[in-house]
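J.: Please find one structure pasted underneath; my questions will follow.
The values are calculated or read from the model by the stated rules, or taken from the named source; none is laboratory data. Note that the coordinates shown come from a computational prediction; the quantities given were computed from them, not determined experimentally. As a convention, Cβ positions derive from the backbone with ideal geometry for all residues, glycine included, and neighbour counts pool all protein chains shown.
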Amino acid sequence: MRRRGDCGGRQCPRSIGAELVRHAELGDDTGLLAQAFNDPFTPPNITAAPATGGTSGSLTSPEAMAAMITAGYDDDDGDRRAVVDTAATLEAAIRSIPTAALIDAAWADTPLAAALADGPGDGTSGFWTRTAWGEWTRHPGGSAEPDDPGTVVFHPGDTKDLRALSRQVRRDAVHRLVQLWAVDPTGHPQTRAMQRIAADAMARDPRGFTPDPALTGRDKVYAELLAAQYDHTQRWLADRGIEWVTLHRGESATGRGYRRHPMASWTTEEWVADWHATGSLSSGGTPGSERVATADIPARDIMSVPTTGMGTMTEYEVVVLSRVRPDRAAVSGRAA
């Protein structure tokens with residue numbers, strides 16, 4: 001899929017919670033701010049929908065799937081709004097993860113922002129500024145325009161604002177992790193870790209998605225976010241009666257044949273797949289091996305769509321778990 005630039009052309013901050021505590025110059029409010037970044041919210045009771053099993057069930061056409069993906073988000077700003085809404089939903093699902101751990105995992109192995117006044121966001125879901133009195137202002141766009149509609153001011157001295165600030169930073173952290181997939185699904189420490197965790201989870205649970213519960217540190221954050229996306233996606237699919245869906249993927253062979261990452265980008269649109277088949281040559285593909293693979297994918301193998309997690313709305317992207325399956329480009333019939 002077309003990958004957007006990272007961090008709005010500037011450096012991405014890391015460990016924002018600690019940096020806020022150390023630099024915000026909030027006086028007596030500093031203790032409250034530190035507490036907000038270390039106390040997790042009470043985890044909600046979210047149950048996963050059962051994964052679809054077997055090879056029976058109705059087949060959803062690419063056209064119908066595309067319409068469901070874009071429903072309510074078919075305007076020019078739909079892609080951005082979908083990610084913002086998704087980040088809010090996923091943040092609620094992983095509130096057992098302490099804020100400091102979530103922030104550290106989101107901005108892992110990246111340099112701190114050159115100017116802390118840029119605030120706790122990284123440009124993907126808003127722009128932050130700080131006044132001399134310790135207030136944080138979140139601007140919805142990519143610049144600090146004071147009259148932007150939707151601008152929100154947080155004062156950490158107010159308990160309600162403190163909680164809201166903490167939640168907004170958490171959503172920005174989730175937003176960043178989801179958006180890093182759109183930038184490069186294997187080119188960042190975070191996305192590489194998530195690919196590794198997905199591979200292990202599929203090995204542990206061949207027909208569902210269960211990450212290793214023994215994971216710790218950043219891997220635990222990534223695993224819980226992946227599990228939250230998968231559960232949210234399975235509910236989304238079940239609510240719409242989707243059991244199987246026909247999808248396309250553009251790719252080319254390397255010296256080791258046609259290979260896919262544990263989580264791979266598919267699409268409902270053949271023209272998007274064709275565009276990526278040609279583009280895949282730039283990443284080591286063999287000229288003449290370009291193809292559009294088409295397969296009927298069971299719901300249980302869909303990790304996310306743009307309204308439930310990773311995925312780009314403008315390319316009708318569906319992130320699929322790469323279990324062993326035949327491609328209908330070579331073999332007729334449904335994927336097992």
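J.: Which numbered condition in (1) touching a residue at least 40 places away in the same chain (Cβ under 8 Å); (2) of a type in the set (A, V, I, L, M, F, W, C); (3) out of contact with any His (no Cβ under 7 Å at 6 or more places or on another chain); (4) within 30 Å of V153 (Cβ to Cβ) is the only one that V245 fails?
T.: Condition not satisfied by V245: (4).
J.: When segment 203-222 is examined, which residues are found to be within 20 Å of the chain's Cα centre (by Cα) and either in a helix (DSSP H, G or I) or at pLDDT below 90 (or both)?
T.: G208, G217, R218, D219, K220, V221, Y222 - these are the residues of segment 203-222 that are within 20 Å of the chain's Cα centre (by Cα) and either in a helix (DSSP H, G or I) or at pLDDT below 90 (or both).
J.: Can I ask one more? If you check T246 against the conditions, is it buried (at least 19 other Cβ atoms within 10 Å of the Cβ) and among the β-branched types (V, I, T)?
T.: Taking the combined requirement at face value, the residue satisfies it.
J.: Out of (1) at pLDDT below 90; (2) touching a Gly at 6+ places or on another chain (Cβ under 8 Å), the odd one out for L165 is which?
T.: L165 satisfies all of (1) at pLDDT below 90; (2) touching a Gly at 6+ places or on another chain (Cβ under 8 Å) except (2).
J.: Still on this structure, please answer the following. Which of (1) without any contact (Cβ under 8 Å) to a residue 60 or more places away in the chain; (2) charged (D, E, K, R); (3) touching a helix residue (DSSP H, G or I) at 6+ places or on another chain (Cβ under 6 Å) is the odd one out, the single condition R170 does not satisfy?
T.: R170 satisfies every listed condition except (1).
J.: Criterion first (among the charged types (D, E, K, R), outside any strand (DSSP E or B), in contact with a strand residue (DSSP E or B) (Cβ under 6 Å, 6 or more places away or on another chain) and over 19 Å from L321 (Cα atoms)) does D172 satisfy it?
T.: No, not satisfied.
J.: Checking A228 against (1) at pLDDT below 95; (2) out of contact with any Phe, Trp or Tyr (no Cβ under 6 Å at 6 or more places or on another chain); (3) surrounded by 22 or more Cβ atoms within 10 Å (Cβ to Cβ), only one condition comes out false. Which one?
T.: (1)
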